[in-house]
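What follows is a single structure, written as structure tokens, with notes after it.
The values are calculated or read from the model by the stated rules, or taken from the named source; none is laboratory data. If you're wondering where the values come from, they're calculated on a predicted model, not measured in any experiment. Cβ sites come from the backbone with ideal geometry, for glycine too, and all protein chains shown count toward neighbours. Just the protein is used for accessible areas: all its heavy atoms, side chains included, with ligands, DNA and RNA removed. Shrake-Rupley method; radii C 1.70, N 1.55, O 1.52, S 1.80 Å.
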Amino acid sequence: MNGEAFYRELLQRSCESFPAYPEGRYRGRGIVLCAGGPKHLSNAYVCLKFLRTFTDLPVELFYAGKMEMPSAVGDLLRLDFAPIALTDITLPRFREEHPFLTVRSFRGYQIKPYALLHSSFEEIFYIDVDNIPLQSPALLFAYEKYYETGALFWPDVAITRSTSDELFRVFGVTADVLKRDLEFESGQIVVDKRRCWKALLTTCLANSDVSDFRDYCYRHTLGDKDTFRLAFQHAGQPYHLVQHRALQTGSRHVVIPIPIPFTTYTFGIEHELGSFFPTGLLQHDPDGRPLFAHKTVSEWNMYLPFRNFLFIESADGELLDAAGLAKLEDRGYGYLDEFRKRYMEYFGREYFREFQGLLARGIIFFLNIVKYWRTGNTSSSSQP
């Protein structure tokens, strides 16, 4: 049996045996995030600071293992962002509750659907930690399309076409139907678990290690994001995809790849000597108002702040000034500085990331000299 036929049969067989929705297990509305360790928790801190300017909805933050959440850090988060619950997604009780879903490690994209599944909330607004709200996301629960379907999703940029026809066939979806729609961008999700129970379990299965299903799916699509679309289609569960296009944000710069010693990886240095380079997304509410600014490439970085929100590329390709977003980004870096002062003493020093930051600052200093020689202007799209 080839891979396509095997996983199609696995999906069908598994979905037929899914348990019914557990009445009384989940209650209320709340916000869900996933983060652990200083890199991602610093992003979560910025996101939570923005969220708390709009809403006092309870928050549940998922992390993977005790090493990701020192007890003193957890105490500070509870103090700073109450009401907030911190939940270790690796707890045995979660595996025992859903033994048909196997996950070897929650170190990647797959933590997202499982956080939705294991959250104590029945109705959830999920947000990536490198994403910030521009107005209250609590209003999304009141939208008519959410009432009608029980799920709100947002589109990825129009050029993204990463899901293969083979994966469409595995999920029993006609590729021509879904190719007319945009792929999902899962940096923000609103879902009613009661109504979307089977679809959520199907998404978790696609991100599980049952017969290496996750690895298979990720070879045929880009991470977790389109597994939501395929799973909801397979389950026959209605959803609403916000009809306003995601706009790319970024700054005018070249990105210089710097090799990381003793690895096969590189990291980029930005500078205002090049053309527009997209590093984020601007998403809208169902009425077309800007709602989320998502740092999809260069997240919040304590050691070298990248400017992701200086320009917005409109749907017709015009480059627009984003002064308002740039001010919010400045505020976010202020929050990041707060995190460094209040929280970093509870983590070990990140010498390698500090070295990366110093190296990047040195390169930017050199580029500023070149820019001054060329233009007489030393302003940079980075903040050394």
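From helices alone, the chain scores -11500 deg cm²/dmol at 222 nm; the rule is -39500 (n - 2.57) for each run of n ≥ 4 DSSP H residues, then divide by the residue total. Under the combined filter of DSSP loop state and at most 14 neighbouring Cβ atoms within 10 Å, the stretch 314-365 retains these GluC sites (Glu not before Pro): GLU318.
Which of LEU139, LEU310, LEU247 moves the most in a Gaussian network model of the chain with Cα springs under 10 Å? Among LEU139, LEU310, LEU247, the largest mean-square fluctuation in the Gaussian network model of the chain belongs to LEU139. As a ratio to 2.2 N^0.38 Å, the alpha-carbon radius of gyration for the stretch 1-54 is 1.95.
Of the trypsin sites (Lys or Arg not before Pro) found in the stretch 1-78, those that fall in a DSSP loop while having at most 12 other beta-carbon atoms within 10 Å are ARG25, ARG27.
Tilt of helix 37-51 relative to the longest C-alpha principal axis of the chain, in degrees (0 to 90, nearest 10)? Relative to the chain, helix 37-51 is tipped by roughly 90 degrees.
Across every direction, the projection of the convex hull enclosing the Cα atoms of the stretch 1-110 has a mean area of 9.3 nm². The alpha carbon radius of gyration of the stretch 88-206, expressed as a multiple of 2.2 N^0.38 Å, is 1.14. A 1.4 Å probe, protein heavy atoms only, puts the accessible area of LYS341 near 150 Å². Beta-bridge orientation, the chain: approximately 70 percent antiparallel, per DSSP, counting only bridges with both partners inside. Considering all C-alpha pairs of the stretch 206-297, those separated by over 16 Å amount to 73%. Translational diffusion coefficient of the chain at 20 °C, 1.002 mPa s, Stokes-Einstein with Kirkwood Rh over Cα pairs, in µm²/s as a whole number. Translational D for this selection: 97 µm²/s. When the chain is treated as a GNM with alpha-carbon contacts under 10 Å, the residue of THR249, THR264, THR203 showing the greatest mean-square fluctuation is THR264.
Only Cα sites of the stretch 244-374 enter the Debye sum here, all with the same form factor; the resulting log10 I(q)/I(0) across q = 0.09, 0.12, 0.19, 0.22 1/Å is -0.31, -0.55, -1.18, -1.36, listed in q order.
Taking only protein heavy atoms and a 1.4 Å probe, the accessible area of the chain is 54% carbon and sulfur.
Shown here for the stretch 237-268: chymotrypsin sites (Phe, Trp or Tyr not before Pro) in loop regions (DSSP other than H, G, I, E, B) with at most 14 other Cβ atoms within 10 Å, namely PHE262, TYR265.
Amide H contacts under 5 Å for ILE269: ILE256, ILE258, restricted to partners 5 or more places along the chain or on a different chain, H placed in the peptide plane at 1.01 Å from N.
Compared with the direct C-alpha span, the chain from ARG342 to SER105 gains 82.4 nm at full extension, assuming 0.36 nm per residue. Of the residues ASN368, ASN131, ASN207, the one that moves most in a GNM of the chain with alpha-carbon contacts below 10 Å is ASN368.
With R₀ fixed at 25 Å, the C-beta to C-beta distance from SER136 to ASP330 puts the FRET efficiency at about 0.70. The length gained on full extension between ARG219 and ARG161, counted as 0.36 nm times the residue separation minus their Cα-Cα distance, comes to 19.5 nm.
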